[in-house]
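Step one of this worksheet: look at the structure below.
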Amino acid sequence: MPETSVIFGTNEKWRINRNILVLGFAFMVHFTAFHGTANLQSSVNSDAGAGAFTLAAIYFSLILSNILLPAVIIKWLGCKWAVAVSFIAYMPFIAAQFYPKLYTLVPAGMMVGFGGGPLWCAKCTYLSVVAEPYAKLSGVSAEVLVVRFFGLFFMFYQMAQIWGNLISSAILSSNLGESPKVLNETSSSLDALFSNVTAAPTIDFGATCGVNFCSASASHGNSNLEPPSALKIQVIAGVFLACMAAAVLLVAVGVDSLTRYTAGRNTACQGKSGFRLLLVTLKQLRHKYQLLLLPVIGYIGAEQAFMAADFTQAFIGCAYGISNIGYVMICFGVFNALAAPIAGALVKVTGRFPVMVTALLLNVCLLSALLSWRPEPQQWLVFYALAAIWGTADAVWLVQVNALSGILFPGNEEAAYSNFRLWEATGSVLSYATAPYLCVRTRLYCLVGFLIVGFIGYSTIEFMEYKVKKAHHLERNFELVNKKTENEALRKPRDDDEEY
């Protein structure tokens, strides 16, 4: 076939590397826009809980999308164009920020979820397939190359959290849309500053922010929760729409079609779709290990939703200012990106359980601090420290539980990862959907309970695996001793015969 001659061309390794780099860069540009917008939803679009309901709609439709759409869309369009079209499905979410109402935001959020399933499946398929011809050209095993390609891709993807929040915070911190102060007003404020008149009492942010925040209450008594000017939101939406359009063009022009590297193999998502995948996913729940993993998977989704909706609004936005949300979330993204490879390296040295215990302790300390802390604007360093701890713990949970899902169910990885996506998204949906109705204190207690139940389930799996390995080790030693005894028994008559 013509694809074969192209695959083994002299510059094909460079071409495959270019495809991966362009794909990773396109995802970075695209999710720069998405993360930068999503992190502001609960704070900027707080009327009637529109922002929280929009995020819930995204993850609810993502559950349906992962079950029903990936194989069908990729079969119709191929991986390259499935990525490009899925990028376009995210754009109404950004466009809805020009007119942010509940009836515009929620349908746009549903579009994001429906695009998300085919998008991530197409990306995984593309990286896995191009590793095969690269392995033939380089002599490196395809398994090693898949890990390398995914690592390179996620290096770009994790940077999206940084750039998206940096752009949004830079625009929100500017003077766009704010009326300039009149000279007389400025001079009068300076006179008041140097006068002997007693200053106005300082606002007690801790009384209404942080753990005491209830989004159902309209009167929070501080200006930090006032939405930014409409012009700032429109500028942010315009910049992010341009980013998404650029990402579509990057994939359309800079990425080769996967048919170049398939040479007759099926390019669709390597697995079942629709109700067959749902059936396999639910059938997997008969496995005791899968049931024990569900609470910790649900906790991962719930804690990520709490970070995106409650921490940004009740802690950062309420006490530190909406314009500073992005800067604090940059810190979260940096530590999240750094902790994932470091935790992976530590697992090789210490084993998985000590690393998971460390993540548990970090989360317990973090949630305890949030329950007792009364946030104030001058405590800016605490916001960044909490975000850094959260990013570190989240990376450990996400990477290690994902890896554990593959390790525990060899041959059934598809069903295991489908369950992971399903229950993680379910945890996120429940957290986002209840955000407008439950106060932060109640939600934190729920998270603590979720964390404890989840870690007990995970620890039970480790204990059961330890018992199985110990029993297997003893059985193996017993077999070796038996074989040794039998060999000695066979040799003895021979020696006796010689003496006789």
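The values are calculated or read from the model by the stated rules, or taken from the named source; none is laboratory data. Model, not experiment: these values are computed from the prediction. Neighbour counts are summed over all protein chains in view; Cβ atoms, including those assigned to glycine, are modelled from backbone coordinates with ideal geometry.
Give me a count of the residues in the stretch 137-181 that are assigned to a helix (DSSP H, G or I) and at pLDDT below 85.
Qualifying residue count, the stretch 137-181: 21.
Condition first: out of contact with any strand residue (DSSP E or B) (no Cβ under 6 Å at 6 or more places or on another chain), among the β-branched types (Val, Ile, Thr), closer than 19 Å to residue 309 by Cα and in a helix (DSSP H, G or I). Can you find one or more residues in the stretch 398-417 that meet it?
No.
Suppose the filter is closer than 23 Å to residue 57 by Cα and outside any helix (DSSP H, G or I); does residue 100 pass it?
yes
Here is a list of conditions, (1) of a type in the set (A, V, I, L, M); (2) at pLDDT 90 or above; (3) more than 23 Å from the chain's Cα centre (by Cα), and residue 474 meets all of them except one; can you say which number that is?
(2)
May I ask you to list the residues in the stretch 234-277 that are at pLDDT below 90, over 19 Å from residue 12 (Cα atoms) and crowded, with 16+ Cβ neighbours inside 10 Å?
267, 268, 269, 271, 272, 273, 277
Looking at the stretch 278-298, which of the residues that are of a type outside the set (Ser, Thr, Tyr) and either outside any helix (DSSP H, G or I) or at pLDDT below 75 (or both) is farthest from residue 79 (Cα to Cα)?
Among those that are of a type outside the set (Ser, Thr, Tyr) and either outside any helix (DSSP H, G or I) or at pLDDT below 75 (or both), it is 287.
In the list 78, 24, 36, which residue meets the criterion of being within 18 Å of the chain's Cα centre (by Cα), in a helix (DSSP H, G or I) and either under 30 Å from residue 139 (Cβ atoms) or hydroxyl-bearing (Ser, Thr, Tyr) (or both)?
24
Which one of 71, 52 is surrounded by 16 or more Cβ atoms within 10 Å (Cβ to Cβ), in a helix (DSSP H, G or I) and over 21 Å from the mean Cα position of the chain (by Cα)?
The unique qualifying residue is 71.
Can you tell me which residue among 59, 90, 134 is closer than 30 Å to residue 45 by Cα, of a type outside the set (D, E, K, R) and modelled with pLDDT under 90?
It is 59.
So for the stretch 322-342 (the condition being of a type in the set (Phe, Trp, Tyr), farther than 20 Å from residue 424 by Cα and over 21 Å from the mean Cα position of the chain (by Cα)), does at least one residue qualify?
Looking for residues that are of a type in the set (Phe, Trp, Tyr), farther than 20 Å from residue 424 by Cα and over 21 Å from the mean Cα position of the chain (by Cα), one finds none in the stretch 322-342, hence no.
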